[in-house]
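> Have a look at this one before I ask anything.
The values are calculated or read from the model by the stated rules, or taken from the named source; none is laboratory data. Being a predicted model, the structure only gives us computed values, none of them experimental. Note: ideal-geometry Cβ built from the backbone for every residue, glycine included; neighbour counts use all protein chains shown.
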Amino acid sequence: MEQISAERVAGIRELVARTQAEIARAIVGKAPIVELLLVALLCEGHVLLEDVPGTGKTTLARAVAAALGCSFQRIQFTPDLLPSDVTGLSFFNQKLGEFQFRQGPVFAQVLLTDEINRATPRTQSALLEAMQERTVTIDGETRPLPRPFLVLATQNPVELEGTFPLPEAQLDRFLIRLSIGYPSPEEEEEILVRYERSNPLAELTAVLSAEELRRLQAEVRSVGVAPVVRRYLVELVRATRQHPDVELGASPRGSLALYQTAQARAALRGRAFVLPDDVKAMAEAVLNHRLMLTAEARLRGRTPATIIAQILAQTPAPVE
């Protein structure tokens, strides 16, 4: 594949910067989080937003959808939600005398799933095929989903009662996992001022069309990755499988996710090639939710983030 030109990278950077500026009208601060989210969009990857209530998870997801010229649907996940409530169902139309298919909310280009861990595993699994294959199979018929197709899922890690933790198979289908965190005192005061008289979210306009986003996603795949950087990336992922505190390391899907997000980050920074710093910057967001620690490591207070940081420190990066 031919490497992308510097001119096209500049074009990508300009369009994404406009999108980022539009999102910033509703989201105060959090520029690094927004950048990671835009990286996921350029990779057509799904995002898991995990944080305590009130930190802006749903607002951020809505702001992203508003800045894109894409169809949008929201599903509030609850324990009584059925798979057909997500995917749709076939019903018999007595007036026409035939079966018809009624599309569910999954047939949208941007799908916000609020509190995904409150739905039963059966309903959660209804998203698996859609997230991975971009298709839905109902009554033996496979239906394609609109493209781009992006799932922005939120979950509250504090409330455990009445929740169903996402299985590893579904966690692995999220390209990145993000935690927004509380704002600084200055940012929190700015939120009060900005939302005092109106909701900026209602005033956002689409600055990037679905067709433009599809084109950018294709172009990002042409960002160059040198063989030494590729080997460095593989060494990092393999180190997660060999670490004594890790019971289950990142899969090859994790390697591919880290590769693609590094390409997207390089394009956002105006480069037609990936640096080791791009791989390092994306490692935690991409690999954090793909590691299963041993019971002993969890008892000692170890976390996937600390292990990834240790692996990054111990794995020598290539130098020019």
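Here is a yes/no grid of residues against (1) surrounded by fewer than 22 Cβ atoms within 10 Å (Cβ to Cβ); (2) small (Gly, Ala, Ser); (3) more than 22 Å from ALA210 (Cβ to Cβ); (4) at pLDDT below 85:
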site	(1), (2), (3), (4)
PRO83	yes, no, yes, no
PHE91	yes, no, yes, yes
GLN124	no, no, yes, yes
ASP139	yes, no, yes, yes
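> Provide a single number: the residues in segment 111-129 that are of a type outside the set (Val, Ile, Thr) and under 21 Å from THR58 (Cα atoms).
Residues flagged as of a type outside the set (Val, Ile, Thr) and under 21 Å from THR58 (Cα atoms) within segment 111-129 amount to 9.
> Picking from THR59, THR78, which residue would you name as being under 16 Å from the mean Cα position of the chain (by Cα) and surrounded by fewer than 21 Cβ atoms within 10 Å (Cβ to Cβ)?
Details: THR78 fails: under 16 Å from the mean Cα position of the chain (by Cα).
After applying the criteria, what remains is THR59.
> Oh, and also: On the given criteria, is LEU36 buried (at least 17 other Cβ atoms within 10 Å of the Cβ) and closer than 26 Å to THR87 by Cα? Spell out how you get there, then give the answer.
Working: buried (at least 17 other Cβ atoms within 10 Å of the Cβ): yes; closer than 26 Å to THR87 by Cα: no.
Considered against the rule, which asks whether it is buried (at least 17 other Cβ atoms within 10 Å of the Cβ) and closer than 26 Å to THR87 by Cα, LEU36 comes out as no.
> Just to be sure I understand, how many residues within segment 203-247 are in a strand (DSSP E or B) and more than 26 Å from LEU60 (Cα to Cα)?
Initially, segment 203-247 is screened for residues in a strand (DSSP E or B), giving 208-209, 224, 246-247.
From what is left, the residues that are more than 26 Å from LEU60 (Cα to Cα) are 224, 246-247.
Final tally of qualifying residues: 3.
> Test ALA210 against the stated conditions and say whether it is surrounded by fewer than 22 Cβ atoms within 10 Å (Cβ to Cβ), under 22 Å from the mean Cα position of the chain (by Cα), of a type outside the set (Phe, Trp, Tyr) and more than 16 Å from ILE4 (Cα to Cα).
On the way: surrounded by fewer than 22 Cβ atoms within 10 Å (Cβ to Cβ): yes; under 22 Å from the mean Cα position of the chain (by Cα): yes; of a type outside the set (Phe, Trp, Tyr): yes; more than 16 Å from ILE4 (Cα to Cα): yes.
In short, yes.
> Taking helices (runs of 4 or more DSSP H) that fall entirely within segment 90-202, which contain at least 3 residues that are touching a residue at least 24 places away in the same chain (Cβ under 8 Å) and either under 20 Å from PRO79 (Cβ atoms) or not assigned by TED's automatic domain parsing to the domain that holds GLN76 (or both)? Spell out how you get there, then give the answer.
Numbers: elements: 121-133, 168-171, 185-194.
Ranges flagged: 121-133.
> Looking at segment 225-236, can you tell me whether even one residue there is hydroxyl-bearing (Ser, Thr, Tyr), within 30 Å of GLN314 (Cβ to Cβ), in the same structural domain as GLU284 (by TED's automatic domain parsing) and surrounded by 15 or more Cβ atoms within 10 Å (Cβ to Cβ)?
From segment 225-236, those hydroxyl-bearing (Ser, Thr, Tyr) are 232; that's our starting set.
Add one more test, that the residue is within 30 Å of GLN314 (Cβ to Cβ), and what stays is 232.
Then keep just the ones that are in the same structural domain as GLU284 (by TED's automatic domain parsing); that gives 232.
Then drop every residue that is not surrounded by 15 or more Cβ atoms within 10 Å (Cβ to Cβ), which leaves 232.
Yes - at least one qualifying residue is present in segment 225-236.
> Being outside any helix (DSSP H, G or I) and touching a strand residue (DSSP E or B) at 6+ places or on another chain (Cβ under 9 Å) is the filter here, so list the residues in segment 7-43 that pass it.
Our first condition is that a residue be outside any helix (DSSP H, G or I); within segment 7-43, this holds for 25-30, 43.
Listed by number, the list holds a single entry, CYS43.
> When segment 33-56 is examined, which residues are found to be over 14 Å from the mean Cα position of the chain (by Cα) and either without any contact (Cβ under 8 Å) to a residue 60 or more places away in the chain or not assigned by TED's automatic domain parsing to the domain that holds ASN117 (or both)?
Of everything in segment 33-56, just one residue is over 14 Å from the mean Cα position of the chain (by Cα) and either without any contact (Cβ under 8 Å) to a residue 60 or more places away in the chain or not assigned by TED's automatic domain parsing to the domain that holds ASN117 (or both), namely GLY54.
> Just to check your reading of the model, which residue among ALA257, ALA266 is in contact with a Leu (Cβ under 6 Å, 6 or more places away or on another chain) and either β-branched (Val, Ile, Thr) or closer than 30 Å to ARG25 by Cβ (or both)?
Numbers: ALA266 fails: in contact with a Leu (Cβ under 6 Å, 6 or more places away or on another chain).
The match here is ALA257.
> If you scan segment 244-271, which residues turn out to be more than 16 Å from ILE176 (Cα to Cα) and surrounded by 19 or more Cβ atoms within 10 Å (Cβ to Cβ)? Before the answer, list the steps.
Here is the first cut: in segment 244-271, the ones more than 16 Å from ILE176 (Cα to Cα) are 244-248, 266-271.
Passing the criteria: VAL246, ALA266, ALA267, LEU268.
> Go through segment 161-187 residue by residue and tally those that are modelled with pLDDT of 80 or more and farther than 28 Å from ARG265 by Cβ.
1
> May I pose another question? Which condition number in (1) in a helix (DSSP H, G or I); (2) under 17 Å from the mean Cα position of the chain (by Cα); (3) not charged (D, E, K, R) is the one that ALA313 fails?
Against the list (1) in a helix (DSSP H, G or I); (2) under 17 Å from the mean Cα position of the chain (by Cα); (3) not charged (D, E, K, R), ALA313 comes up short only on (2).
> Let me ask you something else. Among the helices (runs of 4 or more DSSP H) confined wholly to segment 248-303, which include 2 or more residues that are touching a residue at least 12 places away in the same chain (Cβ under 8 Å), under 17 Å from VAL234 (Cβ atoms) and under 15 Å from the mean Cα position of the chain (by Cα)? I'd like the intermediate steps shown before the answer.
Working: elements: 252-268, 276-287, 295-299.
Ranges flagged: 252-268, 276-287.
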